[in-house]
1. Is there any pair with a first residue in segment 30-49 that is closer than 15 Å to Asp96 by Cα and surrounded by 15 or more Cβ atoms within 10 Å (Cβ to Cβ) and a second that is modelled with pLDDT under 95 and among the aliphatic types (A, V, I, L, M) whose Cβ atoms are under 6 Å apart and which are 6 or more apart or on different chains, and what are they?
2. Test Ile150 against the criterion of being crowded, with 18+ Cβ neighbours inside 10 Å and either touching a helix residue (DSSP H, G or I) at 6+ places or on another chain (Cβ under 7 Å) or touching a residue at least 60 places away in the same chain (Cβ under 8 Å) (or both), and give yes or no.
3. Residue by residue through segment 75-127, note down the ones that are in a loop (DSSP other than H, G, I, E, B), among the aromatic types (Phe, Trp, Tyr) and more than 15 Å from Ala42 (Cβ to Cβ).
4. Does Glu130 satisfy the condition of being closer than 24 Å to Gly151 by Cα and either assigned to a loop (DSSP other than H, G, I, E, B) or open to solvent by 70 Å² or more (accessible area, probe 1.4 Å) (or both)?
Amino acid sequence: METYRPRTIIARPLHLVDGWRVKIYVVTPRETFESEAILENAIARLSEWLTPPASEPWHSHKIGFLIFHEGADGLWSLVNRWVADDMLQSATYYTDYREPDTFIRNPAKAFMACVWELPIIAFERDLWVEEVLKKAPNPDFDAYFGKALIGNV
């Protein structure tokens, strides 16, 4: 076990894909983010990752967020989408630094998120409550997209 050290959270511009609006966050332990090409590979997969199965019964506003984390053991892509108004659906993919084009869905380990990713999820949850759920039936999606978590956690 290593001693906890804060990591930097960087919010990227809103990404639009197939009618989806996706916030992009990167998390890095380094002074600068070094995995731009692999992040672009992850973003290129968002269309596939966000498309719900045909059998899924829940509606969606086509809103989500991607957390892309430069971890010690590899890169983690956490794809989150809001469904049924108040549910967050998440999928986690792992990429080895030596295989930047390979994203392995990680249900076998049933990981949800690590201590550096959880503050983003909590922030997005609180923002969703304030700007969307509390303002129903007229949610303020612009206010939701106008805020992001940045800094060190």
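The values are calculated or read from the model by the stated rules, or taken from the named source; none is laboratory data. Remember, predicted model here, so these are calculated numbers, not experimental data. Glycine gets a Cβ as well: all are built from the backbone with ideal geometry, and neighbour counts include every protein chain shown. These accessible areas exclude ligands, DNA and RNA; they are computed on the full protein's heavy atoms, side chains included. Shrake-Rupley method; radii C 1.70, N 1.55, O 1.52, S 1.80 Å.
1. Correct list of pairs: empty, since none qualify.
2. On the way: crowded, with 18+ Cβ neighbours inside 10 Å: no; either touching a helix residue (DSSP H, G or I) at 6+ places or on another chain (Cβ under 7 Å) or touching a residue at least 60 places away in the same chain (Cβ under 8 Å) (or both): yes.
So Ile150 fails the test.
3. Phe111, Trp116
4. yes
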